[in-house]
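Let me begin by presenting the structure, written as structure tokens, before commenting on it.
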Amino acid sequence: MIGILGGTFDPIHFGHLRPALEIVEILTLDELRFIPSATPPHRWQPEASAQQRLEMVELAIKDVPQFSLDNREYQREGASYTVDTLQSIRDEIGKNTPLCMILGMDAFSSFTQWHQWQKILTLCHIVISSRPNYDNRLIDNKMGNWIQQHLCEDPALLSQSSAGKLYFCDVTQLDISATEIRQTIKRTKSPRYLTSKNVVNYIQSNDLYKD
Ligand code: ATP
């Protein structure tokens, strides 16, 4: 079973890494691919370049054997829609391999505004990780019905089909965001212990996120 975690990763931090590791263990994933977004369609443009965000992900994940970097969005021209990324992964791994897309609760709460959101569950399962300050009260009624139809409460069942289920996964709550890290650096404070040491060193040696 393969997992994917997409994000801007501007920069990657422990709020991505610790939940990702816990999800690998809870779901017994063979591999978890981190997919930095090149041109995020839903938000402002990142401060670090796509190449820099990719290099920071590479540094942060290198000691965990199940973690890998997938740069397919970086290589694609134009806006990177999740549905296109999932289709290209599906084309690569075939139709029978279980695929789980991991989303934080904040990202999931606006899921019905995503491009071709209903097609996404035909391509993968969605694993929603808890995130501090975001809970399921953010989910509206329309989404509530759809969730009930696809909800799965036992993570062991995810490996029995390739796509189509929603699983809510409780992970350690780390109230860390990339926004907070960028603001911390702009205030000339240290981002240490919010992300890995080699990412902190990379940020400093590339003069990232300063005003
Ligand atoms: P920004 O502050 O720049 O918006 P971010 O910290 O939210 O960035 P992203 O790269 O946008 O990070 O997030 C990628 C994915 O990781 C999203 O699905 C998001 O919900 C999830 N995520 C980010 N931070 C956390 C956290 N602290 N706990 C759980 N999930 C998180």
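Bear in mind that the values in this text are calculations on the coordinates, not laboratory data. For clarity, every value in this text was computed on a predicted model and none was experimentally measured. Note that we place each Cβ from the backbone using ideal geometry, even for glycine, and neighbour counts take in every protein chain shown.
Percent relative contact order of the range 65-211, based on C-alpha pairs within less than 8 angstrom and at least six residues apart?
Working: 150 pairs, mean separation 31.6, N = 147.
Taking the mean separation of contacting Cα pairs over the length of the range 65-211, I get 22 percent.
Hey, what do the phi angles of the range 121-129 turn into as Karplus ³J(HN,Hα) couplings, whole Hz, using 6.51/-1.76/1.60 and θ = phi - 60°, x for Gly and Pro?
My calculation for the range 121-129 gives 6, 7, 9, 7, 7, 10, 10, 9, 9 Hz in order.
Given q = 0.14 Å⁻¹, what are the Debye log10 I(q)/I(0) values for the range 66-131, with equal point scatterers placed on the Cα positions and solvent ignored?
Log-scaled intensity ratios, in q order: -0.45.
Report, largest value first, the span of the C-alpha coordinates of the chain along each principal axis, in whole Å.
Reported extents, whole Å, longest axis first: 48, 36, 32.
Select from the range 122-211 those trypsin sites (Lys or Arg not before Pro) which occupy a DSSP coil region and have at most 13 other Cβ atoms within 10 Å, ordered by residue number.
Values: sites: Arg137, Lys142, Lys165, Arg182, Lys186, Arg187, Lys189, Arg192, Lys197, Lys210; in loops: Lys165, Arg187, Lys189, Lys210.
Passing sites in the range 122-211 are Arg187, Lys189, Lys210.
Kindly write out, for the range 158-167 in residue order, the coupling ³J(HN,Hα) from the Karplus curve 6.51 cos²θ - 1.76 cosθ + 1.60 (θ = phi - 60°), rounded to whole Hz, with x marking Gly and Pro.
4, 6, 8, 9, 7, 6, x, 10, 10, 10
Dipole size in debye (nearest 20) for the chain around its Cα centre, Lys and Arg Cβ +1, Asp and Glu Cβ -1?
Numbers: 21 positive and 25 negative charges, 86 e Å.
Roughly 420 debye, rounded to the nearest 20.
Starting with the highest mean, order 128-134, 7-13 by the number of other Cβ atoms within 10 Å, averaged over the residues of each peptide.
On the way: 128-134: 18.0, 7-13: 24.1.
Ranked from most to least packed, the peptides come out as 7-13, 128-134.
So which lysines pass the test for Lys165, namely a Cα distance under 19 Å, with those fewer than 8 places away in the same chain ruled out?
The reachable lysines, counting only those whose Cα sits under 19 Å from Lys165, are Lys95, Lys119, Lys142.
Considering only the other residues whose Cβ falls under 12 Å of the Cβ of Asp70, what net charge follows from Lys and Arg at +1 and Asp and Glu at -1?
Values: positive: Arg33, Arg72, Arg76; negative: Glu31, Glu58, Glu73, Glu92.
Surrounding charge for Asp70 is -1.
Assigning unit charges at the beta carbon (Lys, Arg +1; Asp, Glu -1) and nothing else, what dipole magnitude in debye, to the nearest 20, does the range 90-211 show about its Cα centre?
380 debye
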